[in-house]
Amino acid sequence: MTDVPPSFAFLAGAPDSPVILHVPHSAREIPGDVRSGIVLEDAALERELDHITDAHTAGIAEAAVRAAGVAPWRFVNRLSRLVVDPERFPDEREEMLAVGMGAVYTRTTHKDVLRSDGFDAGPLIERYFRPYARAMTEAVADRLAATGRAVIIDVHSYPSAPLPYELHGEGPRPEVCLGTDSFHTPPGLLAAAREAFAPCGETGLDSPFAGTYAPLEFYGKRAEVTALMVEIRRDTYMSEPGGPAGPGLHRLGSALAALVDAVSR
């Protein structure tokens, strides 16, 4: 047995809800033994956390749960993405390796050194990435068994101005960016999202961030697992970078709840 709490939480919703709100990047927590492998001084690390964390997205998801007619389930990462990024491929398939941001980051948002050259990512992958992936796979399987389908809505945010690490930062930066997958994002899910978020400003498609997340066991194989990434521009609900949330959080939570209810029927 271990006294270390899980690095994630799977929070129950309504038994008949197919929806999982996935919140992978909201936390700032870094365990001490992981912190020791990061070369930044404390102040620099806090600045990096301000830039890299999707601050308050767990709060937006929580607001959506309270507002939804059918409460969705939530899968929430309790640790910073600087520990591991659970949405990245843990191998050469990951395009963000080009900027030192695979499953375990070695560079910062400004392309500075985060971990030393030659850092062995293997122990972090085994300790954090693989258990997270297994648990998310089980969460999706649970919704499939209960309802015959699963709808994964990824809740992210992004800065109003591009950061140096972004590979596709030159494109449009709408208030809400909807990331899609050709297999897992059906037209009805995308249309529901556009309608739900219309009160929050412009909704764009796959810019500046594209794609969405589904566990590899289902990815490209199970059409009854649908998925959409919701990327919210941070200046719509908080002070950048890393500041407090404002009233926009509740407006976005209500919009997300409208999407949840639309796809729960």
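The values are calculated or read from the model by the stated rules, or taken from the named source; none is laboratory data. If you're wondering where the values come from, they're calculated on a predicted model, not measured in any experiment. Note that each Cβ is placed from the backbone with ideal geometry, even for glycine, and that neighbours are counted across all protein chains shown. Note: areas computed on protein heavy atoms with side chains; ligands, DNA, RNA excluded. Shrake-Rupley method; radii C 1.70, N 1.55, O 1.52, S 1.80 Å.
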I'd like to check one number: the per residue accessible area of the chain, probe 1.4 Å, reported in Å² as a whole number. 43 Å²
Normalised Cα Rg of segment 14-159, dividing by 2.2 N^0.38 Å with N its residue count, works out at 1.12
How large is ³J(HN,Hα) for each residue in segment 193-199, as worked out from phi by the Karplus curve 6.51 cos²θ - 1.76 cosθ + 1.60 (θ = phi - 60°), to whole Hz, x for Gly and Pro? 5, 4, 5, 5, 8, 4, x
Can you give the charge dipole size of the chain about its Cα centre, rounded to the nearest 20 debye, using +1 on the beta carbon of Lys and Arg and -1 on the beta carbon of Asp and Glu? 620 debye
Based on a Kirkwood Rh over C-alpha pairs, give the Stokes-Einstein translational diffusion coefficient of the chain at 20 °C and viscosity 1.002 mPa s in µm²/s. 115 µm²/s
Using the Kirkwood radius over Cα pairs, work out the Stokes-Einstein diffusion coefficient for segment 1-62 at 20 °C and 1.002 mPa s, in µm²/s as a whole number. 150 µm²/s
Specify the angular offset, from 0 to 90 degrees and rounded to the nearest 10, of the alpha carbon long axis of helix 57-67 from the longest principal axis of the alpha carbons in the chain. 20 degrees
Taking every DSSP bridge whose two residues both lie in segment 8-264, the antiparallel percent to the nearest 5 is 35 percent
Nonlocal amide H pairs with PHE8, under 5 Å, H built at 1.01 Å: ARG78
Residue farthest toward the positive end of the dipole of the chain, with Cβ of Lys/Arg at +1 and Asp/Glu at -1: which of ALA44, LEU11, ALA103? LEU11
Short version: ³J(HN,Hα) in whole Hz for each residue of segment 107-116, in order, from phi by Karplus 6.51 cos²θ - 1.76 cosθ + 1.60 (θ = phi - 60°), x for Gly and Pro, what are they? 10, 8, 4, 9, 6, 7, 6, 9, 10, 5
Can you bin segment 103-254 into rounded, prolate or oblate? Criterion: square roots of the alpha carbon gyration tensor eigenvalues sorted a ≥ b ≥ c, rounded for a/c under 1.5, prolate for a/b above b/c, oblate for the rest. oblate
